[in-house]
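Here is the structure we will look at.
The values are calculated or read from the model by the stated rules, or taken from the named source; none is laboratory data. These numbers were taken from a predicted model, which means no experiment stands behind them. Quick reminder, even Gly has a Cβ in these numbers, built from the backbone with ideal geometry, and neighbours come from all protein chains shown. Quick note on the areas: whole protein, heavy atoms, side chains included, nothing else; ligands and nucleic acids left out. Shrake-Rupley method; radii C 1.70, N 1.55, O 1.52, S 1.80 Å.
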Amino acid sequence: MSWVSDLLAATGGLLARLVAGGEISGKLGNVTVLMSPAGVKAALVAVVGLGESRQFGRGQAFRAAAAAAKRLAERPRRRVAFFLGEGWTEQQVESGVSGAMVGCCGQDLYRAEKNLHPFEEILWDDAYESVLASGRILGESINLTRQLVNEPASRIYPESFAAEAEKFAEEFGLEIEVWDEQRLEDERCGALLAVARGSMRPPRLVILSHLGGAAGDPVLALVGKGVTFDSGGLSIKPTDGMKTMKCDMAGAATVFGAMQAIARLELPVNVIGLAGLVENMVGGDAYKLGDVLIARNGKTVEVLNTDAEGRLVLADVLDVALERQADRIIDLATLTGACMVALGTDVAGLMTNDQPWCDAVRSAADDCGEAIWQLPMFADYDEQIQSKVADIKNVGEGRWGGAITAAKFLEQFVGKTPWAHVDIAGPAFLENPKPWLDAGGTGAFVRTLVEVVRRWNG
């Protein structure tokens, strides 16, 4: 803190006058960069607005630090020191540390001239020592998710995605199983396999296990949709609708990021992460409208839209989670455009078959500052997915309530196990940058999943 005192003394009250004159704004995430006065070692000083003090929490801490990092990362910098302010809780500091790591990394993976330049070294006040490690782990895990989402589909496809999981599983001590196409057939994953049929890339199912609890302790399952590219299949998307479909595996990437963090934080809980990985493509063997599929749990499904494929993939993966004796389930998926129509692009939809479990997930998201809103699961919606030729169909009646009818479809595959479905179609990917985050993959809900696990007591 001494250098902050030195700065205030060296400016002779200049900072206070700039604030009073409105030249420096206290609006959350507003960054003002100043040349340092004589006597201060730093060449530049960035002053960041924290917003209303009564509203300041972990989400605001994340955004403020990320905004400062993003602004400073516009040029290469060897060393950046952060002072997060007095009175921050350890949770807020942890969020600030992770935000600083996320803000300085961009989607410009293949640009010769980078838009953002991650810092070579970040210095922190000694007072933050107790949470520096966990903040760094969260930041790196969010950036793992973002990088997976930002990679083009020519580099991240089912086999290569599974290989990435194998690499970090070995590095951080996670147990891993990878089911290849033959194993998926042996396991009767008829819905997942149907979606994969149009692609030359064979599907995979990845199961990561973190056994931090005792044998016999409850098991939490995190399930992610991993459609590494979604053309829409025979119900093909228009060009504009396909441009960002490399991000349709963001649910799986979020689960992978969270599982890495859970392992590295050595949380004393039993957690499994499952991801169904496919491409949904147009090919001679692509599944067709009118096909009737047999899902792993034996339910028959009439296909009336091949672009409603994510729920078919998740159906089989959710059944695997049940077989692995999951006591609670959270699935995450970029599942429906209807959820964005309902809630916009910054808010995830939350649906459930168990209100106490839903409340626990909602509370964790609220505390982390990740926007989520519960949608109803009234029994009347079940009628919309009833089929005349099979047990159920993969779309509801018309356009209305599409996010809910998709969740109602998934509910058919979780039995009575408490389950929460998070539709992240909006917040998983930014078309345009925010002041605190580059466009592209966001890593949204990695922090929420980790918070759920930290609170988990079965």
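With the simple spin-label model, which puts each label point 7 Å out from Cα in the Cβ direction, the Ala163 to Arg183 separation comes to 1.7 nm.
In the full protein context, region 31-86 carries 55 Å² of accessible surface per residue, based on a 1.4 Å probe and ignoring ligands, DNA and RNA. Classified by the C-alpha gyration tensor, region 233-301 has an oblate form. Its axis ratio a/c, with a ≥ b ≥ c, is 1.5 or above, and a/b does not exceed b/c. Seen against the Cα atoms of the chain and their longest principal axis, helix 446-455 is set at about 90 degrees.
How would the chain be classified by its alpha-carbon gyration tensor: rounded, prolate or oblate, with rounded meaning a/c under 1.5 and the a/b versus b/c comparison settling the rest? Prolate shape, in that a/c is at least 1.5 and a/b is the bigger ratio. May I ask for the angle, rounded to the nearest 10°, between helix 250-264 and the longest principal axis of the chain, with both axes built from Cα atoms and the value confined to 0 to 90°? That works out to roughly 60 degrees.
Given a cut-off of 32 Å, name the pairs among Lys27/Lys114; Lys27/Lys408; Lys27/Lys225; Lys225/Lys388 whose C-alpha atoms lie farther apart than that in the structure shown. From Lys27/Lys114; Lys27/Lys408; Lys27/Lys225; Lys225/Lys388, over 32 Å: Lys27/Lys408; Lys27/Lys225.
Judged by the mean number of other Cβ atoms found within 10 Å, the most tightly packed of the peptides 111-118, 97-104, 29-36 leads the ranking 97-104, 29-36, 111-118. Solvent-accessible surface of region 413-458, averaged per residue with a 1.4 angstrom probe and all protein chains in place: 32 square angstrom.
The stretch between Asp327 and Arg17, if pulled fully straight at 0.36 nm per residue, gains 105.9 nm over its current Cα-Cα span.
Between helix 58-72 and the chain there is an angle of about 70 degrees, using the helix long axis and the longest principal axis of the Cα atoms.
Contact order, relative form, for the chain: 16 percent (alpha carbon pairs under 8 Å, 6 or more residues apart, mean separation divided by residue count).
Within the accessible area of the chain, the carbon and sulfur atoms contribute 50%, probe 1.4 Å, all protein chains present. Please work out whether region 353-435 counts as rounded, prolate or oblate from its C-alpha gyration tensor, where a ≥ b ≥ c are the square roots of the eigenvalues and a/c under 1.5 means rounded, while otherwise a/b larger than b/c means prolate and anything else oblate? Oblate is the answer for region 353-435, as a/c is 1.5 or above yet b/c matches or exceeds a/b.
Between Asn457 and Arg78, the modelled labels are 5.1 nm apart [label points 7 Å from Cα along Cα→Cβ].
Modelled spin-label separation between Val33 and Glu90, with each label point placed 7 Å from Cα along the Cα-to-Cβ direction: 3.5 nm.
Using the Karplus relation 6.51 cos²θ - 1.76 cosθ + 1.60 with θ = phi - 60°, the per-residue 3J(HN,Hα) values for region 77-91 come to 9, 6, 9, 10, 10, 10, 10, 8, x, 7, x, 6, 6, 4, 5 Hz, with x marking Gly and Pro.
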